[in-house]
Every structure is written in C-alpha cells, then in structure tokens.
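Have a look at the structure below before the remarks.
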C-alpha cells in the first residue's frame, strides 16, 4: 500500500492543482457530477457538498493506490469520481446509491490492476 507521507504529498499537490486550475477541469467535473445527479448547471446551492465529495473521491482513489492526481483528466478517473459522489451525495434513492457504490468499487478494482493508473513507488 501507499505510505501516509506519500498520500499527504499527493493530496497537497492535488489541493494546489485544484486551487491553480479549478476553472480548467473542476468545472467539467462539477458539470458531469451535477448532470449525473440531475441538478441543473445553474444551481449553486449544493456546489460545496459536490466539491467536498469530489475531493473525497480523489483522496479515496489515492488511498487505494490509484494516481488520481496524474490522471485527473482521464475519463475513467472522472467517471470513478462521479460514481463516488453519486454513492455518497444527499438523500437520493438508496438503490441508486447502492448501484453507484458497486460501480465505484468495480472501477477502483479495475483501475488498481492497471499499471497506467498505479501510484509509482520510488522507494524500490
């Protein structure tokens, strides 16, 4: 597994990248997530919660050894993050949440098997 200091460093880098380039790629994640939650793009009431779950999804991918930071613009990573948000967001139908959680877990398992998406451990 990935060491805690590596996770902290990756999360710091992600936070910096989100801060610097939020307009560039977070907007797309926001729109994809809102669309998947059936929230109109002009609604802003739940934006903070959506951003929180997007960040939590990225952190969870990193915890699983998936280099979400390096691959943040990859469609598989984006869809995995959207599924994480759908599985955890608000008071939606429990069956939808369960399906989203199963889909998220399946995507995480598949991503973790691909060397393209694994966190590179430079200690070896």
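The values are calculated or read from the model by the stated rules, or taken from the named source; none is laboratory data. Everything numeric in this text was worked out from a predicted model, so none of it was measured. Every residue, glycine among them, receives a Cβ derived from its backbone with ideal geometry; neighbour counts consider all protein chains shown.
Numerical summary
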| read-out | value |
| --- | --- |
| Among residues of region 12-31, those that are surrounded by 14 or more Cβ atoms within 10 Å (Cβ to Cβ), within 18 Å of residue 66 (Cβ to Cβ) and modelled with pLDDT of 65 or more, counted | 2 |
| Lone unmet requirement of (1) over 10 Å from the mean Cα position of the chain (by Cα); (2) modelled with pLDDT of 90 or more for residue 56 | (1) |
| Total residues in region 45-58, condition assigned to a loop (DSSP other than H, G, I, E, B) and surrounded by 10 or more Cβ atoms within 10 Å (Cβ to Cβ) | 1 |
| Search result, residues across region 59-92 that are assigned to a loop (DSSP other than H, G, I, E, B) and at negative phi | 64, 67, 68, 69, 70, 71, 72, 73, 74, 89, 91, 92 |
